[in-house]
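Single-structure report; data block below.
Values quoted throughout were computed directly from the atomic coordinates according to the rules given, and no laboratory measurement underlies them. Computed from a predicted structure; not experimentally measured. As a convention, Cβ positions derive from the backbone with ideal geometry for all residues, glycine included, and neighbour counts pool all protein chains shown.
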Amino acid sequence: LSLELPAEALISLGGRPERLRILDRHGKAVPWLREQIRSSATVRVQDECKSTATLVREIGQGGLVLHFELDEKSPQPNGLSIETGVKDFEQSVEILGWENDAWHSLLQDGFIFDSSRVLQLRNVDLTFDSRKCRKFKVLISQAALERQAELRSVRQTWNKDEAIETVSATEVRTQAFKIERVRFWQRYDRQAENKPCWLAVDSGEFSMQSLPSQKQTSIELSPVCFPVCGIRIESAEANFSRKVRVLRQKNQFLAEERIWAIDLPGYRKNHLDLRFPPQNTGSMQVIFQDDDNSPLKLQKIQYLIPAYRLLFFAEAEQLPCRLTVEPDGAEPDYGSAELIREALQKTTVQKATLLERKGDPVPLQPPQSTFFPRWTLYAVLCLAVVALAWALITAARKNNTDD
């Protein structure tokens, strides 16, 4: 049988999977093996669609026109990448395809940009429906002021000292935009096996402390479920960037990373997770480096813990079983791990289901000892010695009487 452990059940039983115990209907312990759940997951694959450039021409205000033709055996693309070494740019891209002796628009308002110095972000990928076209025209021009303004507003949100750079970004480019390569590709999803699964457990209420002298915001967290392998942060702001440090019990360093979110028309990405080695005890402190920005409007913080299942054998007469805990217990070694793993490969696993909570966890009764206490053994030995001495005295008296 396989019993998956939802976060709610694990928390209600103390939040420590190593202390879990399974009892059959007679109250006897049932050996189990704990493992992290793994499942198939969708992963994105990208195959290149080889092509040949047939025309490259400059147009006004630093624009470019490029023509491409797919190789005969290339699959039909659904996207392209414009590879360039240029930094800090905003360019508009239009893609057309040749079909039925005419050019047809496939993408009208593509947007590529680089803002590595402020946003640490770069986007040179565009997706489109190529239909049945084998020839393409790519028009690259300076982005409209409205698109530049959208990106500038995000820059100002992330770093209020970027006013000089954002003004210069509106200047008209007089030289042609330099590109190194245009690469067509076909992107699709496929199933990948054995990807570890995780649970996101809400931290509940948390306390925030502002540290103006250090331009920081500090949060105290007290996990109720272990092991904690990371945290996920959700904020009300659509565009933000913060360097975040995680400490254990205010002094042990766990992780430091930048979390960010960017939301522009046609472009939305974020990075909100921080991972660190598994933690089984103690509180945590999360420090946000705000600098000159206002503190984030945090909506939720979640702990990332492994999604576990318990594997065990159970006969019909043992059911129903009960899930309980052994206070302060360690991971049990029943000596049956290899047997359970072998059975897992050869048989179909049946899923067990948790029913409603039945009161508090049942205390485990220690097994009845088959040995006598040491003082009892001493008493028995003493009695034996006394009996032997009495027998010897009686025998000696009898011999004296006979004489």
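A P(r) calculated from all alpha carbon pairs of region 183-254, with 10 Å bins opening at zero, reads 11, 36, 27, 16, 10, 0 percent. Cross-link partners of LYS132 among lysines, defined as those whose alpha carbon lies under 16 angstrom from its own and excluding same-chain residues fewer than eight positions apart: LYS50, LYS73. In terms of surrounding Cβ atoms within a 10 Å radius of their Cβ, TYR303, TYR188 rank from fewest to most as TYR188, TYR303. Derived scalar couplings between HN and Hα for region 289-299 equal 8, 7, 6, 8, 8, 6, x, 5, 8, 5, 9 Hz in order, rounded to whole Hz, by the Karplus curve 6.51 cos²θ - 1.76 cosθ + 1.60 (θ = phi - 60°), x for Gly and Pro.
Shown for region 45-190 is the translational diffusion coefficient from the Stokes-Einstein equation, using the Kirkwood radius over Cα pairs, a temperature of 37 °C and a viscosity of 0.692 mPa s: 202 µm²/s. Summary value for region 45-190: 38 percent relative contact order, contacts being C-alpha pairs under 8 angstrom separated by 6+ residues.
Among the listed pairs LYS178/LYS297; LYS250/LYS300; LYS28/LYS300; LYS215/LYS300; LYS250/LYS351; LYS178/LYS215, those with a Cα-Cα distance over 31 Å are LYS178/LYS297; LYS28/LYS300; LYS250/LYS351; LYS178/LYS215.
Shown for GLU237, GLU72: other C-beta atoms within 10 Å of each C-beta, ranked fewest to most, produce the order GLU72, GLU237. Reported to the nearest whole Å, the Cα centre-to-centre distance from region 187-245 to region 282-350 is 19.
When the convex hull of its Cα atoms is viewed from all sides, region 202-306 shows a mean projected area of 6.9 nm².
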